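First comes the structure, then the notes that go with it.
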Amino acid sequence: MAWTSLTVDRDAWQQAGERLRSGERSLVSLWGEPGVARMALIDPSSNVEILQLPCSDNRFPSIGRMHPPAIRMERTMRDLVGLEAENAPDTRPWLRHATPYPFLPAEGESLHQIPVGPVHAGIIEPGHFRFTANGETVVRLEERLGYVHKGVDALMAGAPLERAARLAGRVSGDSTVAYALAFSHAVENALGVHVPPRAAWARALMAELERLANHFGDIGAVCNDASFTIMHASFGVLREQVLRTADACFGHRLMMDRVIPGGVRGDLSAEGVQRVTALLALARKEFPGLVELYENTASLKDRTVDTGSRKWSRAWRSWSRSCSSSPRARFQPPYRPPPMCVKASPSSRAFAATSSPGSASLPTVAWSAAICAIRRGSNGRSSKPRSKATSSPTSRSAISRSTAPTRVTTSDMRRILLRNLTQGPFTEPAPAADEAGLAELAARLDKSTRARLGRTLSIREVDAGSCNGCELEIHALNNVLYDLERFGLRHRIRSG
C-alpha cells in the first residue's frame with residue numbers, strides 16, 4: 001500500500017470528486033484545518049492519496065454534491081474549523097446544538113412525528129431520531145448525532161506520540177484494541193517499523209477477544225430488545241468470561257493501552273494460554289445450544305428475521321463501494337480471521353455475524369495455532385525503523401471515522417518503546433476479590449441502606465461523552481454473575 005500527499009488546486013479537487021462519483025476512487029476521510037481542506041482517497045489497488053487544498057477565503061468546492069457520503073464531513077468541517085463547502089446540498093449544522101435543528105419535512109395526509117432521544121436507555125451513545133409515520137408505516141427517519149463529540153481530532157493534532165496513542169485507544173472503550181491497532185499501523189507504516197511475529201500474534205489474540213466479546217454482547221442485546229431475556233443473560237455470561245480471560249491474559253478487561261506503536265505492552269503467560277483454552281472449550285460447548293434455542297423460538301424470530309433487510313442488489317452496491325470495490329478489500333490486520341465452526345440459518349438476521357465468513361462469533365482451532373505462535377515467537381518489541389523520515393499518517397480505523405494528523409519521528413518511537421519497557425500500564429489493575437470481605441460488605445451495606453433509604457437504592461448515571469468503557473463495566477454489574485441488585489442496589493445507565 002503506497003501513500004502519496006499532494007497539494008492541489010480547485011480544479012484538481014473537483015476532478016477528485018468526479019472520480020469518487022464514478023467509483024474510480026473511494027473516500028477514506030474528509031477533514032480540515034484552518035485554511036486547508038484535506039481529503040484521503042483510496043484506489044482499487046489500496047493506494048492512498050491525500051489531497052490538500054489551500055482555502056485562502058475558507059471556502060472549497062463541495063465534494064458532497066458529487067459524493068453524498070461526504071456531506072456530513074463537510075458539515076463537520078464548517079462547525080469545527082469554519083471551512084465552507086460551496087454549493088453544498090446540505091448546509092445545516094452537525095455538531096453545533098445551540099439552535100433548534102431543522103429536520104427535513106415529509107408531506108402527506110395523516111402523517112405524525114415521533115421524536116426519540118437523544119437520551120436513551122442502556123449504554124448506547126446518544127442520538128435524536130425523528131420518525132415520520134402514517135399509522136404503523138414509517139415514511140421517513142432522520143437522525144441527529146454529534147452529541148458526544150469530544151474533539152479527539154484537535155487533541156491529536158501535534159500531540160506527542162505517547163499521548164496520541166492513548167487518545168486513539170479511548171475513542172470507543174469497547175473497541176479500544178481496534179482503534180489502537182489502527183493508530184499503531186499508521187505510525188509503523190510512516191516510520192517503517194517492523195512488528196515482531198510474537199507481538200503481531202498477541203495483537204491478533206487481543207483483537208479476536210475484543211471481537212468475540214462484542215459479538216456476544218450484541219447478540220444478547222438484540223434478543224433482549226425482542227424481550228427474550230434468557231438469551232441476553234446467557235450471552236452476558238459468555239461475554240463476562242471473555243473479559244475475564246482478557247484480564248488474565250493482558251491485565252485489563254478491555255485491554256486498554258495494551259496495543260502500542262511498535263508492538264504490545266506485556267506478554268501472554270502460560271496461565272493466560274490455559275485461560276484462553278478454557279474459554280474456547282466453554283464457547284464451543286455453550287454457543288451451539290444458544291443458536292438452537294434461537295432457531296426454535298418462533299416468537300423471537302418473528303421480531304428479528306428480515307428486520308432491516310434490503311434488496312440484495314442495493315445492499316451489494318453499498319457493501320462493495322464501502323469496501324473499496326471488493327468485498328475483501330478493507331484493510332485487514334496482519335493475521336487471518338478464524339474460520340467458522342458453527343453456522344446459523346441464513347435467515348437468522350440476529351445471528352448474521354455468525355453466519356458470514358470472516359466475522360464469526362465462535363472461535364476455532366485457528367486461535368490455538370495463534371497461541372502456539374505467540375509462545376514460539378520472538379519478543380514483543382519492534383525492530384529498528386528503516387528510516388528517519390517524519391510523516392503525518394492518516395489511519396483508516398475499524399469503522400473509518402478516526403482520521404487525524406500526528407507528527408512522529410524515529411526518536412519519538414525509540415523514547416516511547418524504552419518507556420514502555422520500564423513502566424507499567426497506564427490503567428490500574430483491579431484488586432483481588434475477597435469473598436469473605438465481600439459477604440461482610442454486602443451485609444453491612446444491606447443493613448445501612450435499609451435503615452437510611454428503605455428497601456432499594458436506585459442510582460442513575462448519565463454518560464455525557466466518555467469512551468463508554470466505564471459504562472460497559474458498570475453495566476456488567478447487572479449481569480447474572482455479579483447481580484448488583486442482590487445488595488438492594490439498582491444502577492441504571494443512560495446516554496445523554
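The values are calculated or read from the model by the stated rules, or taken from the named source; none is laboratory data. For clarity, every value in this text was computed on a predicted model and none was experimentally measured. Here the Cβ is made from the backbone with ideal geometry for all residues, glycine too, and neighbour counts use every protein chain on show.
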- prompt: Across segment 126-139, which residue is nearest to the chain's Cα centre (by Cα) among those that are surrounded by fewer than 16 Cβ atoms within 10 Å (Cβ to Cβ) and not aliphatic (A, V, I, L, M)?
  reply: Phe129
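Quickly run through segment 267-295 and pick out the residues that are of a type in the set (Gly, Ala, Ser) and either buried (at least 20 other Cβ atoms within 10 Å of the Cβ) or farther than 19 Å from Glu210 by Cα (or both).
Across segment 267-295, the qualifying residues are Ala270, Gly272, Ala283, Gly289.
Which of the following residues is under 26 Å from the mean Cα position of the chain (by Cα) and exposed (fewer than 15 other Cβ atoms within 10 Å of the Cβ): Gly146, Gly151? Outline the logic, then answer.
Details: Gly146 fails: exposed (fewer than 15 other Cβ atoms within 10 Å of the Cβ).
The match here is Gly151.
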- prompt: Hey, any hits in segment 135-155 for a residue that's in contact (Cβ under 8 Å) with a residue 24 or more places away in the chain, touching a Ser or Thr at 6+ places or on another chain (Cβ under 8 Å) and in a helix (DSSP H, G or I)?
  reply: yes
field: His97 being more than 21 Å from Arg25 (Cβ to Cβ), surrounded by fewer than 16 Cβ atoms within 10 Å (Cβ to Cβ) and in contact with a strand residue (DSSP E or B) (Cβ under 8 Å, 6 or more places away or on another chain)
entry: no
message: Suppose we filter Val152, Val138, Val148 for residues that are among the aliphatic types (A, V, I, L, M) and in contact with a strand residue (DSSP E or B) (Cβ under 7 Å, 6 or more places away or on another chain); which single one remains?
response: Val138
task: Considering (1) under 23 Å from Gly192 (Cβ atoms); (2) more than 28 Å from the chain's Cα centre (by Cα); (3) surrounded by 19 or more Cβ atoms within 10 Å (Cβ to Cβ), say which one Leu6 fails and leave the rest.
output: (3)
message: β-branched (Val, Ile, Thr) and in contact with a Ser or Thr (Cβ under 6 Å, 6 or more places away or on another chain): is that true of Val242 in this structure?
response: no
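Could you list, in sequence order, the residues of segment 16-49 that are among the polar types (S, T, N, Q) and under 18 Å from Ala88 (Cβ atoms)? I'd like the intermediate steps shown before the answer.
So in segment 16-49, the residues among the polar types (S, T, N, Q) come out as 22, 26, 29, 45-47.
Of everything in segment 16-49, just one residue is among the polar types (S, T, N, Q) and under 18 Å from Ala88 (Cβ atoms), namely Ser29.
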query: Assuming Leu238 fulfils every condition listed in (1) at pLDDT below 90; (2) over 28 Å from Pro197 (Cβ atoms) apart from one, which condition is it?
result: (1)
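Does any residue of segment 191-204 turn out to be part of a loop (DSSP other than H, G, I, E, B) and buried (at least 20 other Cβ atoms within 10 Å of the Cβ)?
We begin by selecting, within segment 191-204, every residue part of a loop (DSSP other than H, G, I, E, B); these are 192-196.
Those still in the list that are buried (at least 20 other Cβ atoms within 10 Å of the Cβ) too: 193, 195.
Yes, that holds for at least one residue.
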